[in-house]
Amino acid sequence: MTTAQSALVFANAITLTASVTLSTGSGVGNISLGTVNGNFGLQLTAGTGDITLGSAIGSTTRIGAFVVNSCTNLIVNDLSAASINITETGGTVTFNGNLNTNTASGITLTVHDIVRVGSITATSGGPLTTVFTGTITGSTTNPITVGSASTTSSGAGVVNFQGSLTTTTGGITYNTPITLIGPATF
């Protein structure tokens, strides 16, 4: 479903029976979703608009690949998907809940700022790959458990970290300064 810079708002629960693409085009147009379940992919494009996922995604039935092609700000509560690939342009991605993937594709984030409240888990050796230009802040000590972790700042960014980061199949690489803002284990 595509609109020409008009908002897409789905307040009721959605069950995916096929892969779904929602787009508001390249300009301003917000996307707002409630609960989404179903073993299929979900691809979102909001241009310079914002995306708000107000309820759990994949809480009853994990969704397939979750892809955000563009948005300014993204707010996510719990998200359980086969894989997660998020591209945000200039705003903030806020993870208010847990992220969980179960394929080797893992989690890829290309963003400006991140605020992380929940845990991050990528099973099946899935990596957590993050490229950012602003700041990453872990505001709680919830754990990160992934196959491998690579974090790179393409600007003057810094990672404000607390909690634990555990890898199951690979190493941990930070190509950016880290500031410990609480107890931390690597």
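Residue-by-condition table, conditions (1) in contact (Cβ under 8 Å) with a residue 12 or more places away in the chain; (2) buried (at least 19 other Cβ atoms within 10 Å of the Cβ); (3) β-branched (V, I, T):
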| residue | (1), (2), (3) |
| --- | --- |
| M1 | yes, no, no |
| F10 | yes, no, no |
| A18 | yes, no, no |
| S23 | yes, yes, no |
| V28 | yes, no, yes |
| I31 | yes, yes, yes |
| N39 | yes, no, no |
| T45 | yes, yes, yes |
| L53 | yes, yes, no |
Checklist (1) farther than 25 Å from T72 by Cβ; (2) small (G, A, S); (3) modelled with pLDDT of 95 or more applied to S150, failing item: (1)
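What number of residues in region 39-85 are among the aromatic types (F, W, Y) and closer than 18 Å to N96 by Cβ? Give the steps one after another, and end with the answer.
To start, the set of residues in region 39-85 that are among the aromatic types (F, W, Y) comprises 40, 66.
Checking the rest, the ones that are also closer than 18 Å to N96 by Cβ come to 66.
Selection size over region 39-85: 1.
Take the residues of region 152-177 that are outside any loop (DSSP other than H, G, I, E, B) and in contact with a Gly (Cβ under 6 Å, 6 or more places away or on another chain): which is nearest to I136 (Cα to Cα)?
Filtering region 152-177 for residues outside any loop (DSSP other than H, G, I, E, B) gives 152-153, 158-167, 172-175.
Then keep just the ones that are in contact with a Gly (Cβ under 6 Å, 6 or more places away or on another chain); that gives 161-163.
On the way: F161: 8, Q162: 11, G163: 13 Å.
Looking at residues that are outside any loop (DSSP other than H, G, I, E, B) and in contact with a Gly (Cβ under 6 Å, 6 or more places away or on another chain), I get F161.
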Filter result for the condition that a residue is surrounded by fewer than 16 Cβ atoms within 10 Å (Cβ to Cβ) and in contact with a Gly (Cβ under 7 Å, 6 or more places away or on another chain), over T141, T135: T141
Meets criteria (over 17 Å from T108 (Cα atoms), small (G, A, S) and surrounded by fewer than 18 Cβ atoms within 10 Å (Cβ to Cβ)) for G163: no
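The values are calculated or read from the model by the stated rules, or taken from the named source; none is laboratory data. It should be emphasised that the depicted structure is a prediction, and the values quoted were computed from it without experimental measurement. Backbone-built Cβ (ideal geometry, glycine too); neighbour counts: all protein chains shown.
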